[in-house]
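Notes follow the structure.
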Amino acid sequence: MEHDCCRTQCTDFLRTRDVFRRITQNRRQRPCSIAFILKLWTFSLISISAFAAGGACPANLPVSGNNCYFIAANGADTNNGTSESTPWLHAPGMPNCTGNCASVFSGNGYFFTGAYGKGFIFRGGDTWHFGNSSVSPYTGGTWNWQWPGDTSGNTCQYEGTTTGCVYIGVDKTWYSGSSWTRPVLNGDNPISTSPVSNCAYQAGSQNLFFQFGNIPYVYLDNFEFTGFCGTNASLTNEYLGSLNTGTSGGDIIFEYNLYIHGWTVTTAIDGNPNAFGCTAVGGSAEGLQAIVGLVVDGSDSDSADCGWGGYPSWYHMKDSIVRHTTDGVGQWCHDIHDNIFEYIVPIHGGGHTNILECNDDSPGNAPKQPQNTPNVVYNNVVRHSNSNVDFWFCPEIVPEFWFNNLFYDTEGEGWSYAGPPTYGCPNTGGQYMFNNTFVDGNLGGYTQPCSLDGYVNHGGQYLTVYNEHLINTSFDTGTIPCTGVNSATNISMSDATATIQQYTTGSPGTYLSNTCANDGSTPCAPTLSTNSTVGAGANHQNYCTMLASYTSEYAIGTEAANACQYGTTDGCSYNTTTHTMTCPGQTPVARPASGAWDSGAYQFAGTGDPPGPPSNLLAMPQ
């Protein structure tokens with residue numbers, strides 16, 4: 001504990017310098033000397049003056065002013081790094097960062113507040129090497145980022161003020177080659193779709209590309225990760241490393257527009273159900289992580305040995321695609337929408353495989369974030385996958401809303417609502433599931449969310465279910481009944497009936513069968529006004545109004561409430577050439593402000609008296 005004199009003599013200093021607070025808050029009780037105060041003040045002034053020499057930031061970035069440094073494959077660490085014509089070769093935190101690159105940041109680390117609002121701009125089209133030391137630029141191993149953004153959370157916010165973030169990203173007008181492409185972080189291992197005998201290279205002592213460590217409020221944007229090889233199960237083996245922050249800091253890591261692919265593992269790891277050969281996105285479960293525009297695409301990789309999510313926080317995840325990979329496990333699910341999950345395969349050697357397993361949803365009391373906001377999951381597409389579990393949620397004490405989701409051609413348990421049996425899921429906040437489409441949800445012999453035998457601690461209210469479109473699903477066996485489960489607004493039909501009405505193609509019931517008609521555009525949507533789901537649902541504008549009442553958080557109060565008034569977007573469109581997402585996947589059709597809604601995720605075109613067009617439609621940048 002710091003001495004009283006530190007509190008009295010350093011009041012103004014403490015108010016403006018987080019570094020003093022962080023250093024002194026855990027000191028043993030002893031008098032604070034003038035020399036000690038001056039030493040801290042000198043450290044602060046030196047650090048601030050070092051960072052004051054940044055160059056002008058490019059337009060349209062989360063940071064601005066003379067706060068940017070530039071990094072390129074033709075740079076030199078002896079440059080000042082303050083312009084695109086005098087870039088560094090490495091970035092701070094890379095082991096091979098020397099000269100001015102290193103001296104600007106020397107001795108700062110986590111306690112340093114001068115990184116707030118700084119940008120580190122990488123030239124597009126360049127490649128940084130993490131494995132092969134004979135090529136340039138070679139990072140020297142794991143890139144260990146040590147400088148946080150504004151830890152108060154006031155100037156680095158999701159869909160809010162970002163002037164206090166640390167931005168690590170790009171200027172799309174600055175690139176090598178004929179056109180802009182993402183800068184590449186490459187482990188230099190040959191890409192293979194099957195296990196290899198050994199890895200040519202390892203990234204650092206823990207086989208890890210980028211490590212956030214305990215550093216919050218960092219904005220990582222528009223990088224390509226490739227060339228990873230998993231060496232042995234005792235290493236970290238991650239593209240994006242752990243965020244060990246927990247809930248106390250209210251910490252946010254922004255991950256935008258990342259493209260992760262090109263991994264393989266050795267035969268020594270292959271077949272071990274208890275250890276992944278690698279993980280695309282790591283984390284520490286409970287923290288505030290924002291994942292937007294993420295592409296994890298293992299179509300060129302050993303998809304069955306690399307889990308896509310290794311305990312990140314899914315506090316915000318949207319406008320993303322995860323495909324040709326295996327297990328995703330995390331916590332703090334809060335705002336998950338407009339994502340596609342497809343071609344998720346079982347782990348080599350067996351074991352429990354999930355598309356998205358959320359062991360603990362956000363409790364609605366995240367530090368430094370709006371309080372008591374509901375968890376929402378909408379406009380997601382889950383398809384063409386053979387996993388044990390599709391979505392696995394653990395509801396908390398705040399309301400939860402699931403709508404406009406589409407599940408088909410999956411071999412797993414479908415929407416396993418109540419969470420893993422070893423977790424307590426209080427489920428006391430009010431749970432609402434409406435206007436979703438499930439196709440062949442009992443392929444693996446499991447049921448839909450109203451019946452989850454053997455799971456514990458469901459708490460009070462279990463689930464309210466209306467307006468579902470259920471094709472060949474054993475929705476409820478009566479073990480744990482849901483409110484509204486017997487409602488006429490839930491439209492159930494056999495595969496044969498669905499095929500006659502052109503929802504499906506006539507070959508349903510098997511994994512990867514392309515069950516849905518119009519699979520490439522509007523899968524399993526109604527095509528005629530006489531289809532069974534058209535006009536069969538109840539009007540639930542009340543749910544939209546309820547969502548709109550949560551005005552303390554933009555992503556809930558505006559986006560979710562607006563989406564509630566429309567049919568599904570089918571997630572986003574994925575460009576397999578540029579590996580980018582364009583959102584929405586289709587322009588959604590408005591649900592009537594009054595009168596009957598359709599059942600299922602879709603609203604048939606031409607029905608209803610729609611409100612104005614949605615305001616949140618956007619194209620995700622590359």
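The values are calculated or read from the model by the stated rules, or taken from the named source; none is laboratory data. It should be emphasised that the depicted structure is a prediction, and the values quoted were computed from it without experimental measurement. We place every Cβ from the backbone using ideal geometry, glycine too, and count neighbours over all the protein chains shown.
Miscellaneous remarks
- For the criterion of being closer than 21 Å to Asn404 by Cα, polar (S, T, N, Q) and at pLDDT 90 or above, Thr497 fails.
- With respect to the conditions (1) buried (at least 19 other Cβ atoms within 10 Å of the Cβ); (2) at negative phi; (3) at pLDDT 95 or above; (4) in a loop (DSSP other than H, G, I, E, B), Ala563 lacks only one, and its number is (4).
- Asn189 vs. criteria within 23 Å of Asp300 (Cβ to Cβ), surrounded by 24 or more Cβ atoms within 10 Å (Cβ to Cβ) and in the same structural domain as Ile260 (by TED's automatic domain parsing): yes
- Qualifying positions in the stretch 197-215 - surrounded by fewer than 18 Cβ atoms within 10 Å (Cβ to Cβ) and either at pLDDT 90 or above or touching a His at 6+ places or on another chain (Cβ under 7 Å) (or both): Ser197, Asn198, Ala200
- Residue in the stretch 184-200 that is closer than 17 Å to Phe70 by Cβ, free of Cβ contacts under 8 Å to residues at least 60 places away in the same chain, out of contact with any Lys or Arg (no Cβ under 9 Å at 6 or more places or on another chain) and acidic (Asp, Glu) present: no
- Flag if Thr82 is out of contact with any helix residue (DSSP H, G or I) (no Cβ under 9 Å at 6 or more places or on another chain), crowded, with 19+ Cβ neighbours inside 10 Å, assigned to a loop (DSSP other than H, G, I, E, B) and of a type in the set (Val, Ile, Thr): yes
- Taken over the stretch 110-155, the criterion of being buried (at least 24 other Cβ atoms within 10 Å of the Cβ), under 21 Å from the mean Cα position of the chain (by Cα) and either among the polar types (S, T, N, Q) or not in a loop (DSSP other than H, G, I, E, B) (or both) is satisfied by Trp143 alone.
- The listed residues are Leu528, Leu463, Leu470, and the only one of them that is surrounded by fewer than 17 Cβ atoms within 10 Å (Cβ to Cβ) and either at pLDDT 90 or above or within 25 Å of His337 (Cβ to Cβ) (or both) turns out to be Leu528.
- Meets criteria (under 25 Å from Glu159 (Cβ atoms), at pLDDT below 75 and in contact with a strand residue (DSSP E or B) (Cβ under 7 Å, 6 or more places away or on another chain)) for Leu618: yes
- Single condition Asn575 does not satisfy, out of (1) touching a residue at least 12 places away in the same chain (Cβ under 8 Å); (2) in contact with a strand residue (DSSP E or B) (Cβ under 9 Å, 6 or more places away or on another chain): (1)
- Strands (runs of 3 or more DSSP E) wholly inside the stretch 296-413 that include at least 2 residues being modelled with pLDDT of 85 or more and hydroxyl-bearing (Ser, Thr, Tyr): 321-331
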